[in-house]
Amino acid sequence: MAFTPNYGTQASYGVGAIDAGLRSYMLRVYNWMTVGLIVTGAVAYAVAETNLRMAFFHLVPSMNGMMIRPTGLGYLAIFSPIVFVLIMQMGINRLSRQAVQGLFWAFCAVMGASMASLVMGYTGVSIARAFFISAATFGGMSLFGYTTRADLSRFGSFLMMGLIGLVLASVVNIFLHSAPLAFLTSVIGVLLFTGLAAFDTQRIRSVYLQTASYMGPEDAAKRSIYDALGLYLNFINLFQFVLQFVGVRSNDNN
């Protein structure tokens, strides 16, 4: 939009209106993402620090101390976010705005319950450190994706291949328990989701500019939640991989 010539007051107004709409839309996306992270953090803390944790996790003795094992409800919390995402994706054109909002809140809450094991397994200081590192990294890359003139879409296939490889390597390491492979997946994970923060931000911006002229308020409200979900997932994954680098296990201090 920066290269659009100003042929008159009407054209200038159109560009200004689109820019204002874009800023408003992106602010809505970031607000949804931020509140979603707050809900996730609050639920994670509540489950980890109250009697609720006995319903989701139990501690079992091991050679290295106590291990955190999910209960049946814990496994449900771990895997059910996938179901929420699938429902939202398949129902994008059929669900109402209220339904999408409800699914988003439920998704964030269940994600918080599944992440309570991190609150139990790492010290509070290292969790805070990982969060602020992730927030600074994500914020910087998202700002870069929003402002850069470079076309990041050409990296889409590369990022998708990296994501598939990361998932496969993580699944394989469940059985191998390889420390070098775990370190490698952590490095790839940090780089991948750092790149996705910029890539997805630019994608959201580009799609809005392409559809703003005919996207109604209801569609825009729903779309902002879906876009917030994408950025939310990038941040959550980045945080977890950063935590593997800077996190200090609670058992290490016993």
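May I ask for the distance between the Cα centers of segment 179-226 and segment 25-54, given as a whole number of Å?
Comparing the Cα centres of segment 179-226 and segment 25-54, I get a distance of 19 Å.
Please compute the volume of the convex hull spanned by the alpha-carbon atoms of segment 192-254 and report it per residue in Å³.
For segment 192-254, the hull spanned by Cα atoms encloses 73 Å³ per residue.
Apply the Karplus parameterisation 6.51 cos²θ - 1.76 cosθ + 1.60, with θ equal to phi minus 60°, to every residue of segment 140-153 and state each ³J(HN,Hα) to the nearest whole Hz, in sequence, with x for glycine and proline.
x, 6, 5, 5, 4, x, 6, 9, 5, 8, 5, 8, 7, 5
Translational diffusion coefficient, Stokes-Einstein: compute it for segment 98-237 using the Kirkwood radius over C-alpha pairs as Rh, at 37 °C and 0.692 mPa s, and state it as an integer in µm² s⁻¹.
192
Using the number of other C-beta atoms within 10 angstrom as an exposure proxy, rank His58, His177 with the fewest first.
So the ranking, lowest neighbour count to highest, is His177, His58.
Please give the charge dipole size of the chain, origin at the Cα centre, charges +1 on K and R Cβ atoms and -1 on D and E Cβ atoms. Round to the nearest 20 debye.
Here the chain has a charge dipole of around 100 debye.
Counting other Cβ atoms within 10 Å, which trypsin sites (Lys or Arg not before Pro) in segment 117-219 have at most 10 and lie in a DSSP loop?
Arg149
Based only on other Cβ atoms within 10 Å, what is the fewest-to-most ordering of Phe144, Phe84?
Exposure proxy ranking, most exposed first: Phe144, Phe84.
How would Leu118, Leu192 line up from fewest to most surrounding beta-carbon atoms within 10 angstrom?
Listed from fewest to most nearby Cβ atoms, that is Leu118, Leu192.
Show me, bin by bin at 10 Å from 0, the whole-percent P(r) of segment 50-134 based on Cα pairs.
16, 35, 31, 15, 3, 0
May I ask you to list the chymotrypsin sites (Phe, Trp or Tyr not before Pro) in segment 213-248 that are in a DSSP loop and have at most 14 other Cβ atoms within 10 Å of their Cβ?
Sites meeting the loop and neighbour criteria: Tyr214.
More than 22 angstrom separation, counting every C-alpha pair in segment 14-253; what % is that?
58
Just so you know, all these numbers are worked out from the coordinates, no wet-lab data involved. Since we're looking at a predicted model, the values are computed, not measured. Reconstructed Cβ throughout: ideal geometry from the backbone, glycine too, with neighbour counts over all protein chains shown.
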